[in-house]
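Peer 1: Submitted below is the structure of interest, expressed as structure tokens.
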Amino acid sequence: MKKTMTKTILFASVCVTLAGVAWGQYTTRSGSSRLTRPYATDYFEGFGPVDDEKRIPQKEPSFWFDLKYDTPKEQYDYARVQDADGAYRRARHAYEALVREWPASKEAPLAQYALAQMLERQGKLAKAFDEYQYLITYYAGQCPFYDVLDRQFRIANALLDSERSMFGFKLNGSDDQRVRFETIARNAPRSPNVPELLLIIGSIRMAEKELEEAVSVYDGLLNRFPESAQASAAAFMDAKCRRDLAVNYKYNEDRCRNSIAFFKALLERSPDHPEKAQLIAWQAELTNLLIEQNFALAVFYDTKQRNVEAAKQAYRRFIKEFPDSVHTPAAKERLAAIEAGAAPLRR
């Protein structure tokens, strides 16, 4: 069942326009544009797993898609005429029949590309995205690879933007939305646009309250692209996720300490961060939470477990680590009493 995304306030830099994307290409000596498929990997931090059972199967001949002609060229020319005339149903059947019957022909990638473009023009964006992905999967070296990526990016943004509020994301079927952006990143992991893709993916994770996964995505962005334009926004959203997790799981001391360390490192690395005041406030909040947790632990050993040695160690640790805390005078007084032989307290 598809989940409904809740509204979340996102950093302004997360907003994505539908402007064109220069995915990268080079020109041959003859002046023709030549595109190559970059190195690809299935692994990105915080991405959903790749389900082998859901990988795109190759199209096979089907009685639903009959051939009109005996050669790929004639079939392709017929499909193009139907497409140009607006006979989209006949055009789709003709394109599909060609790709299915003659998958190794030089017209097959042309037909597949034309099919995806036609669906995009019709506004059938989700289906168009999938057909572009089929093109990349089976004809990467025989299609304008980066143009296809650009079209996928535009489609993914259009589908995302269609149900995005001015303050964030409010979507149905967010898993599908996220997977589209993950797919584009996996298609071209070395593209200069990957940081933007990661920022969007992390934001979708956040909006779904999948904070652990969002942290992984943002950490991956910061580790791979620390100098990117998206790094500042990613760091802030990473910090927000860590703060929320620490507050939600307030008895996880390691998480709280790690989050505080993250804030310190971030502020040292980016002393002029545009969200510096908020970062300092979150750091102070978590530091206070850590103080309360540690004092409560010492009191627990002292009053609930009535474990003298554990209580003494906890009070000593607290006094040493938090000498300026409002609880420190009480901790010193109780530690002195215990060391003097006072009986454990009852509460």
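The values are calculated or read from the model by the stated rules, or taken from the named source; none is laboratory data. None of the values given here were measured: they were computed from a predicted structure. Please note: Cβ atoms are built from the backbone with ideal geometry, for glycine as well, and neighbour counts cover all protein chains shown.
Peer 1: Tell me the residue from ALA104, ALA111, ALA128 that is within 17 Å of GLN75 (Cα to Cα) and surrounded by 21 or more Cβ atoms within 10 Å (Cβ to Cβ), please.
Peer 2: ALA111
Peer 1: Is it true that some residue in the range 80-98 is within 30 Å of VAL217 (Cα to Cα) and either of a type in the set (A, V, I, L, M, F, W, C) or touching a helix residue (DSSP H, G or I) at 6+ places or on another chain (Cβ under 7 Å) (or both)?
Peer 2: No, the range 80-98 contains no residue that is within 30 Å of VAL217 (Cα to Cα) and either of a type in the set (A, V, I, L, M, F, W, C) or touching a helix residue (DSSP H, G or I) at 6+ places or on another chain (Cβ under 7 Å) (or both).
Peer 1: Please go through the range 231-262 and pick out each residue that is touching an Asp or Glu at 6+ places or on another chain (Cβ under 6 Å) and assigned by TED's automatic domain parsing to the domain that holds GLN293.
Peer 2: Once the filter is applied, which keeps residues that are touching an Asp or Glu at 6+ places or on another chain (Cβ under 6 Å) and assigned by TED's automatic domain parsing to the domain that holds GLN293, the range 231-262 yields nothing.
Peer 1: Six or more apart or on different chains, Cβ under 6 Å: which pairs go from a residue in the range 36-55 that's among the hydrophobic types (A, V, I, L, M, F, W, C) to one that's at pLDDT below 80? Could you list them?
Peer 2: Every condition considered, the pairs that remain are VAL50/ASP42.
Peer 1: Quick one: is GLU268 surrounded by 16 or more Cβ atoms within 10 Å (Cβ to Cβ), out of contact with any Leu (no Cβ under 9 Å at 6 or more places or on another chain) and not aliphatic (A, V, I, L, M)?
Peer 2: no
Peer 1: Looking at (1) without any contact (Cβ under 8 Å) to a residue 24 or more places away in the chain; (2) over 25 Å from ASN223 (Cβ atoms), find the lone condition where GLN283 falls short.
Peer 2: (2)
Peer 1: Right, next: Which of the residues spanning the range 209-234 are assigned to a helix (DSSP H, G or I) and farther than 23 Å from SER174 by Cα?
Peer 2: Of everything in the range 209-234, those that are assigned to a helix (DSSP H, G or I) and farther than 23 Å from SER174 by Cα turn out to be LEU222, ASN223, ARG224, ALA231, SER232.
Peer 1: Also, quick follow-up: Looking at (1) in the same structural domain as GLU208 (by TED's automatic domain parsing); (2) among the acidic types (Asp, Glu); (3) surrounded by 14 or more Cβ atoms within 10 Å (Cβ to Cβ), which is the only condition ASP83 fails?
Peer 2: Unmet for ASP83, out of (1) in the same structural domain as GLU208 (by TED's automatic domain parsing); (2) among the acidic types (Asp, Glu); (3) surrounded by 14 or more Cβ atoms within 10 Å (Cβ to Cβ): (1).
Peer 1: Going by the conditions given, is GLU60 surrounded by fewer than 16 Cβ atoms within 10 Å (Cβ to Cβ) and part of a helix (DSSP H, G or I)?
Peer 2: Taking the combined requirement at face value, the residue does not satisfy it.
Peer 1: If we scan the range 307-319, do we find a residue that is aromatic (Phe, Trp, Tyr) and not in a helix (DSSP H, G or I)?
Peer 2: Within the range 307-319, not a single residue is aromatic (Phe, Trp, Tyr) and not in a helix (DSSP H, G or I).
Peer 1: Identify, by number, the condition in (1) in contact (Cβ under 8 Å) with a residue 24 or more places away in the chain; (2) assigned to a helix (DSSP H, G or I); (3) surrounded by fewer than 17 Cβ atoms within 10 Å (Cβ to Cβ) that PRO274 doesn't meet.
Peer 2: Only one criterion is unmet by PRO274, namely (2).
Peer 1: Now a separate question. In the range 64-82, how many are of a type outside the set (Lys, Arg), part of a loop (DSSP other than H, G, I, E, B) and more than 40 Å from the chain's Cα centre (by Cα)?
Peer 2: 5
Peer 1: Is there any pair linking a residue in the range 326-343 that is closer than 17 Å to ARG306 by Cα to one that is basic (Lys, Arg), with Cβ under 9 Å and at least six apart or on different chains, and which?
Peer 2: ALA331/ARG316; LEU335/LYS312; LEU335/ARG316; ILE338/LYS312; GLU339/LYS312; ALA342/ARG334; ALA343/ARG306
Peer 1: Also: Looking at the range 285-299, is at least one residue in a helix (DSSP H, G or I), under 25 Å from the mean Cα position of the chain (by Cα) and surrounded by 15 or more Cβ atoms within 10 Å (Cβ to Cβ)?
Peer 2: Among the residues of the range 285-299, not one is in a helix (DSSP H, G or I), under 25 Å from the mean Cα position of the chain (by Cα) and surrounded by 15 or more Cβ atoms within 10 Å (Cβ to Cβ), which makes the answer no.
Peer 1: Sticking with this one: Out of the residues in the range 241-265 meeting the condition of being in contact (Cβ under 8 Å) with a residue 40 or more places away in the chain and surrounded by 14 or more Cβ atoms within 10 Å (Cβ to Cβ), tell me which one is farthest from LEU290 (Cα to Cα).
Peer 2: ARG243
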